[in-house]
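The structure appears right after this line, and notes come after that.
Where a number appears in this text, it was derived from the coordinates with a stated rule and is not lab data. What you are looking at is a predicted structure, and each value in this text was computed from that prediction instead of being measured. Cβ sites come from the backbone with ideal geometry, for glycine too, and all protein chains shown count toward neighbours.
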Amino acid sequence: MQKIAFKHLKAGDEIGLVPTMGALHNGHISLIEKSAKNDDITIVSIFVNPVQFGHGEDYLKYPRPVKKDLEICKKNRVDYAFMPSVKDMFPQEHKAFVEVKALQDIMCGAFRPVHFRGVVTAVSKLFNISFADRAYFGMKDFQQLKIIEKMAKDLSFRTKIVPCPIVREKNGLALSSRNSYLSDEEKAVSLNISKSLKEAAKEFKSKSLSAVKNSAISKLKKIPNSKIDYAEIVSASDLSPAYRNTKKVVFAVAVWVGKTRLIDNIQMTK
Ligand code: AMP
């Protein structure tokens, strides 16, 4: 892949990279479409990265519908579907890791301690392999987006990070490969996550941050069989806790519904 990408680089092609873990859905497709529009070449990487899963997490059961993913790539004019093996990406003697201090330890990082180190290490390898001019990341994983922006800036990667809006089902549920774990009943009650966030964004116009946060938490707590990992209102620029005067604000949550951990967020403006 690196040799092929280098040929494109030398030929003057602009290269777009869409890093994914596969089980592609319309959220991923929106990133692919953006790259197909902006770039001469679109590379989609499909790699379920073991290094970003903690002990006891869903690495083994993570969906891997390879044939369907490749059909989606073909249909959406992807030039290269890059599907490295675990051995290709992380041979046993792998010793180098990339970390983004502080940002990796809060929010999702507080509950998934090895997660972002694994994500950032894999993504920096993908940047080096693809020579990407642009890489596309969904705002669905808002903390991940911020961490990768910081990594690319601090380590002087040539790759420009392009944030892409959250794609949702008509009823509001944010699309996620993990939604396939949900039973119909769980799926129905999971709607209350996006609903609570939407209501929070409305309340934010007139109420205090703590009132907005508490009202959302009480709604999330009512979801049957749920557990809140966190519900935090943070600055959209650096994930620091938001204050009354913070300009751009994001309300981000991680909520378990049964055995499935769902994340979602919303940008809030006065
Ligand atoms: P994943 O395969 O879940 O690791 O996601 C790969 C990329 O797709 C990440 O940049 C995600 O943020 C993005 N993505 C996943 N779900 C959505 C969604 N519902 N809307 C927009 N982007 C998404």
Fill in the blank from the handout: Counted neighbours (other Cβ, 10 Å), sorted fewest up, put HIS55, HIS8 in the order HIS55, HIS8
Fill in the blank from the handout: From DSSP H assignment alone, runs of 4+ in the chain each adding -39500 (n - 2.57), the sum over residues rounded to the nearest 500 puts [θ] at 222 nm at -11500 deg cm²/dmol
Completion exercise
For segment 215-228, in residue order, the Karplus 3J(HN,Hα) values (coefficients 6.51, -1.76, 1.60; θ = phi - 60°; whole Hz; Gly and Pro = x) are 5, 5, 4, 5, 6, 5, 5, 7, 5, x, 6, 10, 9, 8
Handout entry: Estimated FRET transfer efficiency when R0 is 22 angstrom, pair LEU191-GLU57 (beta carbons, to 0.05)
Key = 0.35
Exercise for the section: Please list, in chain and number order, the residues 5+ apart from ASP229 or on another chain whose amide H is under 5 Å from its amide H, with Hs placed from the backbone. Expected result: ALA254, VAL255, TRP256
Handout entry: Extension gain, LYS74 back to ALA96 (0.36 nm per residue minus Cα-Cα distance, nm)
Key = 4.5 nm
Handout entry: Descending principal axes extents, the chain, alpha-carbon based, whole Å
Key = 55, 40, 38
Problem - Summed side-chain charge close to ARG178 - residues other than ARG178 whose Cβ falls under 9 Å, Lys, Arg +1, Asp, Glu -1 - result: 0
Exercise for the section: State, to one decimal in nm, how far the label point of TYR243 lies from the label point of ILE217, with both points 7 Å from Cα in the Cβ direction. Expected result: 2.1 nm
Exercise for the section: Using Cα centres only, tell me the gap between segment 140-212 and segment 25-56 in whole Å. Expected result: 16 Å
Fill in the blank from the handout: For segment 149-270, shape from the Cα gyration tensor axes a ≥ b ≥ c, cut at a/c of 1.5 then a/b versus b/c, turns out oblate
Handout entry: Simple Cβ-charge dipole of the chain, Lys/Arg +1 and Asp/Glu -1, about Cα centre, in debye nearest 20
Key = 600 debye
Exercise for the section: With +1 on each Lys and Arg Cβ and -1 on each Asp and Glu Cβ, and nothing else charged, work out how big the dipole of segment 177-268 is about its Cα centre, in Debye to the nearest 20. Expected result: 260 debye
Fill in the blank from the handout: Env charge @ ILE148, Cβ radius under 12 Å, K,R +1 / D,E -1, value +1
Completion exercise
Expected unfolding gain across ASP154-SER210 under the 0.36 nm per residue rule, minus the alpha-carbon gap, is 16.8 nm
Completion exercise
Quick shape check on segment 89-198: root eigenvalues a ≥ b ≥ c of the Cα gyration tensor, a/c under 1.5 is rounded, otherwise prolate if a/b tops b/c, else oblate, and it reads prolate
Practice task
Work out how much length ILE4 to LYS202 would gain on full extension: take 0.36 nm times their residue separation and subtract the Cα-Cα distance, in nm to one decimal.
Solution key: 66.4 nm
Exercise for the section: Please name which of ASN225, SER208, SER190 has its Cα lying farthest along the dipole of segment 177-268 towards the positive end, using unit charges on Cβ (Lys, Arg +1; Asp, Glu -1) and the Cα centre as origin. Expected result: SER208
